[in-house]
Amino acid sequence: MASLENKNILIGICGGIALYKICELIRLLKNEKANIKTVLTSGAEKFISSLLFASLSGTKSYTDKDFFSPTGEILHIELSKFPDLILVAPATASFISKLAAGSASELLLAILLATKSSVYLFPSMNARMWEHPAVQKNIELLKNFGYFIYEPSEGILACEEIGKGRLPEIEEIFEVVQAHFVKKTLIGKKVLITGGPTREYIDEVRFITNASSGKTAFYLAREAYYRGAEVHLIWGLDSFPYIFPKLQYFSSIPFPNIYFVKTTKEMFEVSKSLFFKCDICIFSAAPSDFRPKITFKGKLKKKEPITLDLELTEDIAQILNSQKREEQITIGFALEEEKTLVNYSKKKKQEKFFDFLVANPIYTLGKESSDYILFTPTETLKYKNLSKSQLAQILFDLIG
Ligand SMILES: Cc1cc2nc3c(=O)[nH]c(=O)nc-3n(C[C@H](O)[C@H](O)[C@H](O)COP(=O)(O)O)c2cc1C
């Protein structure tokens, strides 16, 4: 993930109810040390005072009063040169129509006409307004002009109707911003990632599993996606508690494919069906190494102690990597006790034909950060207290 530190972001805020959500967006971006400037339309000023946005962004919040103020500077041109990225959120139907017509009658409109920065518009309005042919025609025009349109979400609207028109959740807009600043080094590449634990059933309700959270796999998938790859994420947990922004609204980057699996056998079958067509294959799941030889039907009754007879499960990475193409890159993970970490990991890298191997101590499970040793084809790199998101960035930088 690219850093937002010192990135200049201008947020244009129009007169829609969803504008209250932008406060939270400013807070998230400020936490990442981005420089934020806000510009309110005259419509927005009817809902809220610019004082709020000035306080949150830590700098003056501009309104139409500033457009014609006799300070000697040509404000809209100055502000058009400031941003690395411009967001307009919420973008009202009215603002969209004025922008599509090329109007510069307001400060924000004039900035957008003058700027060379990328501009992302987040329309938000009643569903029937959004569907209106006039709005849709304007949206098409804006797309043709090169503005990026992030379509509204579906759900309950401020008017209490249900439909397409909601401003996306702020976390989603924040992810769009993050994705924007990531270099697109993996365009055209297919990346396979396995993540989470698997389950091996004792009977129809009980199973053997482990504490893998899938976080590392998620951060790897997100980094690959933001770099432009076609991502295939094979996921051993029941739910996927993360957000991927819909980059396909303004790029040809396909939305990640997530395959939910339960057992190691299922994870193996899905991995096999994708492995041969992928350029980069990352085995970051923690599949169960053992499974009961017999899965009992129904639910075992608690009558007397039982002994489970366990057999080994498929070694997914070893079986698939042994058939890998020369140019395919494979990456493995080794979770080990600290004292055996280095030796075991080196052995694993060799025996399972990995090009890269990430060794991490047992306490990494479920945590946001850890110490890592990275074995590349040529060197051994050590990292202290690295977040899983930073690890993903480093790995893809190394792959190139
Ligand atoms: C209570 C209220 C809520 C509104 N919500 C929206 C909205 O969500 N989206 C929208 O496009 N217009 C909405 N409007 C209409 C705009 O506020 C109106 O078109 C205004 O002129 C837009 O100004 P601006 O484009 O300069 O920001 C709303 C109006 C009112 C009175």
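The values are calculated or read from the model by the stated rules, or taken from the named source; none is laboratory data. Quick caveat, the model's predicted, so the values are computed rather than measured. Positions of Cβ are backbone-derived with ideal geometry, glycine not excepted, and every protein chain shown enters the neighbour counts. Accessible surface areas use protein heavy atoms only, side chains included; no ligands, DNA or RNA. Shrake-Rupley method; radii C 1.70, N 1.55, O 1.52, S 1.80 Å.
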Exercise for review: Within the range 85-118, track down each residue that is in contact with a strand residue (DSSP E or B) (Cβ under 7 Å, 6 or more places away or on another chain), open to solvent by less than 10 Å² (accessible area, probe 1.4 Å) and more than 12 Å from the ligand (Cβ to nearest atom).
Suggested key: Leu85, Ile86, Leu87, Ile111, Leu112
Practice item. Check whether at least one residue in the range 119-141 is more than 15 Å from the ligand (Cβ to nearest atom), outside any strand (DSSP E or B) and open to solvent by less than 30 Å² (accessible area, probe 1.4 Å), and report yes or no. Key: no
Exercise for review: Only helices (runs of 4 or more DSSP H) wholly contained in the range 1-82 count here; list those with 3 or more residues that are surrounded by 16 or more Cβ atoms within 10 Å (Cβ to Cβ) and within 13 Å of the ligand (Cβ to nearest atom).
Suggested key: 42-47
Check your understanding: From the list Ile253, Ile243, which one is of a type outside the set (Asp, Glu), in a loop (DSSP other than H, G, I, E, B), touching a Leu at 6+ places or on another chain (Cβ under 6 Å) and over 25 Å from Ile373 (Cβ atoms)?
Key -> Ile253
Study note, to complete from the structure: Within the range 46-95, the count of residues that are polar (S, T, N, Q) and touching a Gly at 6+ places or on another chain (Cβ under 8 Å) comes to 2
Review point. Somewhere in the range 360-380, is a residue of a type in the set (Val, Ile, Thr), out of contact with any strand residue (DSSP E or B) (no Cβ under 9 Å at 6 or more places or on another chain), under 24 Å from Ile280 (Cβ atoms) and open to solvent by 80 Å² or more (accessible area, probe 1.4 Å)?
Key: yes
Practice item. Can you confirm whether the range 186-196 contains a residue that is under 17 Å from the mean Cα position of the chain (by Cα) and surrounded by fewer than 17 Cβ atoms within 10 Å (Cβ to Cβ)? Key: yes
Practice item. Could you list, in sequence order, all residues of the range 140-164 that are touching an Asp or Glu at 6+ places or on another chain (Cβ under 8 Å) and either among the hydroxyl-bearing types (Ser, Thr, Tyr) or closer than 12 Å to Ala91 by Cα (or both)? Key: Ser153
Study note, to complete from the structure: Counting only residues that are open to solvent by 40 Å² or more (accessible area, probe 1.4 Å) and either in contact with a strand residue (DSSP E or B) (Cβ under 6 Å, 6 or more places away or on another chain) or not assigned by TED's automatic domain parsing to the domain that holds Arg206 (or both), the range 285-299 contains a total of 4
Point to revise | Selection status of Glu73, among the acidic types (Asp, Glu) and closer than 21 Å to Gly16 by Cβ | key: no
Study note, to complete from the structure: Residue hits (the range 323-344; assigned to a loop (DSSP other than H, G, I, E, B) and open to solvent by less than 70 Å² (accessible area, probe 1.4 Å)) are Lys324, Gln328
Exercise for review: Please indicate, with yes or no, whether at least one residue in the range 200-220 is touching an Asp or Glu at 6+ places or on another chain (Cβ under 6 Å), part of a loop (DSSP other than H, G, I, E, B), in contact (Cβ under 8 Å) with a residue 12 or more places away in the chain and open to solvent by less than 40 Å² (accessible area, probe 1.4 Å).
Suggested key: no
Review point. In contact (Cβ under 8 Å) with a residue 60 or more places away in the chain and under 30 Å from Glu314 (Cβ atoms) - does that describe any residue in the range 175-187?
Key: yes
Point to revise | Residue satisfying condition, being in the same structural domain as Ile173 (by TED's automatic domain parsing) and in contact with a Gly (Cβ under 8 Å, 6 or more places away or on another chain), within set Leu99, Leu108 | key: Leu108
Review point. Looking only at the range 142-157, which residues are in a helix (DSSP H, G or I) and either free of Cβ contacts under 8 Å to residues at least 24 places away in the same chain or open to solvent by 60 Å² or more (accessible area, probe 1.4 Å) (or both)?
Key: Lys143, Asn144, Phe145
Study note, to complete from the structure: Checked Ile234, Ile282, Ile258 against criteria (open to solvent by 50 Å² or more (accessible area, probe 1.4 Å) and either outside the structural domain of Glu327 (by TED's automatic domain parsing) or in a strand (DSSP E or B) (or both)); the one match is Ile258
Check your understanding: Mind checking whether some residue in the range 121-140 is under 14 Å from Cys14 (Cβ atoms) and acidic (Asp, Glu)?
Key -> no
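Residues checked against (1) at pLDDT below 95; (2) hydrophobic (A, V, I, L, M, F, W, C); (3) not assigned by TED's automatic domain parsing to the domain that holds Phe290:
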position: Gln136; (1), (2), (3): no, no, yes
position: Phe145; (1), (2), (3): no, yes, yes
position: Tyr150; (1), (2), (3): no, no, yes
position: Glu154; (1), (2), (3): yes, no, yes
position: Glu160; (1), (2), (3): yes, no, yes
position: Glu172; (1), (2), (3): no, no, yes
position: Glu175; (1), (2), (3): no, no, yes
position: Pro197; (1), (2), (3): no, no, no
position: Glu200; (1), (2), (3): no, no, no
